[in-house]
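Notes for the one structure printed next.
Just so it is clear, none of the values below were taken in a lab; they were calculated from the coordinates. In this text, all values refer to a predicted model and were calculated from it rather than measured experimentally. Cβ sites come from the backbone with ideal geometry, for glycine too, and all protein chains shown count toward neighbours.
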């Protein structure tokens, strides 16, 4: 099953330059202290994971005030939103939860061994999760009712070899199911092609630690 891409993909020219002066979209009164994740969908709706108050803040385009979704005491670390407006959050409660707008119950929970610091759902409807403390990226098909997970990248031990990660954080999966990993403690971006456990370094701070 192929699902449509839900996240915003702005078209930028090759010479685009970012404004050096930013503007505050949401201050501490709305975003809380140390927010960890934000998601912008194809309709320019902004979702923010407020870890301080255990809420998801939702701003529709043109709206100045957000809708608040209380997610209990789960501490939302990461967030991904589908085209159906289903909200998946990686939490400090060692789970990935699914939340539906206008529904106070979360009908889906994937239990993991530790907090999932980043979640991403590819067009095959597979949920990817970066387990930073285990130095791995895993995935689980949302088309199946079981909780079987596959290791996409990492050996479970920290390291600098091409099949290893050291505290992975952000992940991105493109249309060809290539997995891009922000390998934070190694100061590099790794590319893992489908079925390959050896990565390719796309960018790094240095060639040795």
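See the values below:
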{"read-out": "The stretch 28-53 residues near the modelled residue 123 label - backbone nitrogen below 18 Å, point 7 Å along Cα→Cβ", "value": "41-43"}
{"read-out": "Convex hull (Cα only) mean projected area of the stretch 34-116, reported in nm² to one decimal", "value": "5.2 nm²"}
{"read-out": "Simple spin-label estimate for residue 65 and residue 5 in nanometres, 7 Å along Cα-Cβ", "value": "3.5 nm"}
{"read-out": "Cα-based convex hull volume of the stretch 104-149 per residue, rounded to whole Å³", "value": "92 Å³"}
{"read-out": "Mean shadow area of the stretch 76-169 over all directions, Cα convex hull, nm²", "value": "6.0 nm²"}
{"read-out": "Potential lengthening between residue 53 and residue 175 on full extension [0.36 nm per residue; Cα-Cα distance subtracted]", "value": "40.5 nm"}
{"read-out": "Mean projection area, nm², convex hull over Cα of the chain", "value": "12.8 nm²"}
{"read-out": "Inter-label distance for residue 145 and residue 23, nm, one decimal - labels placed 7 Å from Cα along Cα-to-Cβ", "value": "5.0 nm"}
{"read-out": "Rg in Å to one decimal, and Dmax rounded to a whole Å, for the stretch 1-66 via C-alpha atoms", "value": "14.3, 42"}
{"read-out": "Kirkwood Rh and Cα Rg combined as Rg/Rh, the stretch 120-209", "value": "0.97"}
